[in-house]
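Below is one structure, written out as structure tokens; comments come after it.
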Amino acid sequence: STMRERKTTDSLHPSTDLSEGKEKLRLKQEVGLISGVSLIAGTMIGSGIFMSPEWVLHHMGNPASSLLIWAACGLLAMFGALSYAELGTIIKESGGEYIYILRIFGSFPAFLFAYTSVILVRPAGLAAVCLSFAEYAIAPFYPGCSSPQVAIKCTAAACILILTIINCLNVRLATSVMNIFTAAKLLALLVIVVGGLVLLAKGRTQSFQNGFQGTTAGIGTVGVAFYQGLWSYDGWNNLNYVTEELKKPEVTLPRALMIAIPLVTCLYLLVNVSYLAAMTPSELLSSGAVAVTWGDKVLGSWAWLISLSVALSTFGSSNGTFFSGGRVCYIAAREGHMPDILSMAHVRCLTPSPALLFTSAMSLIMIISGSFTSIVNFFSFMAWLFYGMTISGLLYLKIKKPELPRSYKVPIIIPIIVLMAAVYLVVAPIIDQPQAEILYIVLFIFSGIIFYFPLVRFKYHPRFLERVTLHLQLLLEVAPTTKDAN
């Protein structure tokens, strides 16, 4: 059948090893503390720190308040991650928000999350990262002026197609690309931080004089500034997607978060200070690619190194986003919430090619129809809506089921702060600047009802969908990665 019905016993073996074809296996617990820190930091440091600073400054109106936003975003990401750490020690399954919403609130809200995540949220994240890659990759070809949008969008589309080929061909190739490019992004950030410290030592502090002058105080404007800043921190919850693969998750999960997120926050603040030491606020606002402008001013003839490093960094980040994109698809299909085809793997390459192809197609549509800043705002609204739901689930467990075994407990005030922030981030832009796009997003989320009741609740499987699945299996040369529990 197109939607796979699962037995309760299947949740005891919640994942598969693609390398074993159809055999069902537990994933090996191979991710230790260092790997966990690397996974979080490597995913978080992507395109945001090279693209978002000008937009945070634009919405806040001055350097000092924009730096406060960056620090507050880091604190909020830390609080959110610590809350997720407790959830991860109560519900020790991979799948992040999807599995938490499913186990706490039930099938219907979990389906709405999977439906929205697979079709919109993950493709939007990938589209935004690829657009920032394109901005930096072609910036050197248009010195002194903004790059044309057509060239940016074509390059971003080419990036997605290359990533699709890499990830569909070989899992090891995809992970190798991720590791190499993580080194590039750290090198780029360290060069910018050191350059900024040298400029400050030379007395380049004019951008910080009267730092709070002209601060924007609108509720919605601050909310949108948070969206742009939090985009750079996105990935703080990635370790919860691989809980089953962690060595001693009850210890590794909170420790990795406590190391990685403060490290990234400090790096981001130092990079922003470096940008403001090299440029005036007006120069930063008029820059299409902030790090390239910084390179032109500080490194002179070596500025191309920054463009290259940032392009490599954003490409590596988009590869990581793409690589993990099939996980929710697979787990949702395992629980009977998505079509079977999305949980299948290529019979020879042993990669989840249908899920990757679907994510690729949706990302291409978003690249054609949107810009970086609009996609980020749209992504952040959706993400924080579901983060808020997940955190409210943790509060429910803390209040109603305190007897559940948990090896790590976060003080209840922390998830309350995160929930309040999530409500603010979802509601403030709607109140301050109502936009038709937000209404369309909400309507899209609830359009999942049309599919949930016939296909999931009442298990109605039209014959034509079964035929489509069969034809797609033959065309894509894919097969189910697990056997049914019985």
Inset, instruction - Could you point to the residue in A158, F79, A137 farthest towards the positive end of the chain's charge dipole, with +1 and -1 charges on the Cβ of Lys/Arg and Asp/Glu respectively? - result: F79
Legend entry - Charge dipole (debye, nearest 20) of the chain; +1 at Cβ of Lys and Arg, -1 at Cβ of Asp and Glu: 840 debye
Inset, instruction - Would you kindly derive the ³J(HN,Hα) couplings of region 454-459 from the backbone phi angles with the Karplus curve 6.51 cos²θ - 1.76 cosθ + 1.60 (θ = phi - 60°), listing them in order in whole Hz, with x for Gly and Pro? - result: x, 8, 9, 5, 9, 6
Inset, instruction - Please report, in debye to the nearest 20, how large the charge dipole of region 213-320 is about its Cα centre when each Lys and Arg carries +1 at its beta carbon and each Asp and Glu carries -1 there. - result: 180 debye
Inset, instruction - Run the dipole for region 82-198 about the Cα centre, Lys and Arg Cβ at +1, Asp and Glu Cβ at -1, nothing else charged, and hand back the magnitude in debye, nearest 20. - result: 160 debye
Inset, instruction - With a 1.4 Å probe and every protein chain kept in, tell me what percent of the accessible surface of the chain is carbon plus sulfur. - result: 67 percent
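Taking the Cβ-Cβ separation of R348 and L269 as r and a Förster radius of 41 Å, what is the calculated FRET efficiency to the nearest 0.05?
Here the calculated transfer efficiency is 0.30.
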Inset, instruction - Report the FRET efficiency, 1/(1 + (r/R0)^6), for L75 and L472, where r is their Cβ-Cβ distance and R0 is 56 Å, rounded to 0.05. - result: 0.80
Inset, instruction - Determine the gain in length on full extension of the stretch L395-V194; use 0.36 nm per residue of separation and subtract their C-alpha separation, reporting nm with one decimal. - result: 68.1 nm
Legend entry - Virtual spin-label span in nm between I441 and S176, 7 Å along Cα→Cβ: 3.9 nm
Inset, instruction - Treating the angle as unsigned and between 0 and 90°, give the value, to the nearest 10°, between the Cα long axis of helix 171-201 and the longest Cα principal axis of the chain. - result: 20 degrees
Inset, instruction - Report the calculated FRET efficiency for Q149 and N210 (r = Cβ-Cβ distance, R0 = 22 Å), to the nearest 0.05. - result: 0.05
Inset, instruction - For M338, list long-range residues whose amide hydrogen, built 1.01 Å from N in the peptide plane, is under 5 Å from its own amide hydrogen. - result: R4, A333
Legend entry - Probe 1.4 Å - accessible area at W384, Å² to nearest ten: 10 Å²
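Is the C-alpha gyration tensor of region 332-450 telling us rounded, prolate or oblate? Criteria: a/c under 1.5 is rounded; beyond that, a/b larger than b/c is prolate, otherwise oblate.
Here region 332-450 falls in the oblate category.
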Inset, instruction - Tell me the label-point distance for the pair W304, I219, using the 7 Å Cα-to-Cβ offset, in nm and rounded to one decimal. - result: 5.2 nm
Inset, instruction - On a 0 to 90° scale, report how tilted helix 33-44 is relative to the longest principal axis of the chain, with both axes built from alpha carbons and the result rounded to the nearest 10. - result: 70 degrees
Inset, instruction - Let me know the Rg and Dmax you get for the chain when you use only its Cα atoms, in Å. - result: 22.2, 73
Legend entry - T321 - accessible surface, heavy atoms, 1.4 Å probe, Å² rounded to 10: 40 Å²
Inset, instruction - For helix 436-451, report the angle its Cα long axis makes with the longest principal axis of the Cα atoms of the chain; keep it between 0 and 90° and round to the nearest 10°. - result: 10 degrees
Inset, instruction - Positive end of the charge dipole of the chain (Lys, Arg +1 and Asp, Glu -1 on Cβ, about the Cα centre): tell me which of G195, V478, A421 has its Cα farthest that way. - result: V478
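The values are calculated or read from the model by the stated rules, or taken from the named source; none is laboratory data. This one's a predicted model, so the numbers in the text were calculated from it and none came from an experiment. In this analysis, Cβ positions are derived from the backbone assuming ideal geometry, glycine residues included, and neighbour counts consider all displayed protein chains. Protein only, heavy atoms only, side chains kept; ligands, DNA and RNA dropped before computing areas. Shrake-Rupley method; radii C 1.70, N 1.55, O 1.52, S 1.80 Å.
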